[in-house]
1. Not counting ligands, DNA or RNA, and with a 1.4 Å probe, what is Thr23's accessible surface area in Å² rounded to the nearest 10?
2. Just read off the accessible area of Val56 with the full protein assembly in place, 1.4 Å probe, to the nearest 10 Å².
3. What is the diffusion coefficient of region 1-78 in µm²/s, taking the Kirkwood radius over Cα pairs and the Stokes-Einstein relation at 10 °C with a viscosity of 1.306 mPa s?
4. Between Ala52 and Ala4, what length comes free when the chain is fully extended (0.36 nm per residue of separation minus the Cα-Cα distance, one decimal in nm)?
Amino acid sequence: MSEAPPMYAVASGDRLKLLMERTGTGEPITSRELAAAAGVANGTIGALMTGAQRSVPESKAKAIAARLGVDLLVLFIPMERSGRASIPAPPHKEAACPPA
């Protein structure tokens, strides 16, 4: 029985969108172009941006990050490898304190 490949969860769909607007070269990239460069379906990129899909295999995460020109951990969070897949909760925003 082969072990499933390590999975990585996108840290933030908004961060992915931002990185697509200005890649490491300073140029924007479309979801179709990113999907083609990373070897994933166009729908995968869209789903990662909207949160409909949270994770991809390590090889795909590395390909997406590489095409965007960022380190893997800038965009993705490694998921638990203890046999159970757990998706990290999205970071919560601090509640704004009312003016004193």
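1. 10
2. About 0 Å², rounded to the nearest 10.
3. Answer, rounded: 130 µm²/s.
4. Separation in residues times 0.36 nm, less the Cα-Cα distance, equals 15.1 nm.
The values are calculated or read from the model by the stated rules, or taken from the named source; none is laboratory data. No experiment lies behind these values; they were computed from the predicted model shown. Keep in mind that these areas ignore ligands, DNA and RNA; they rest on the heavy atoms of the full protein, side chains included. Shrake-Rupley method; radii C 1.70, N 1.55, O 1.52, S 1.80 Å.
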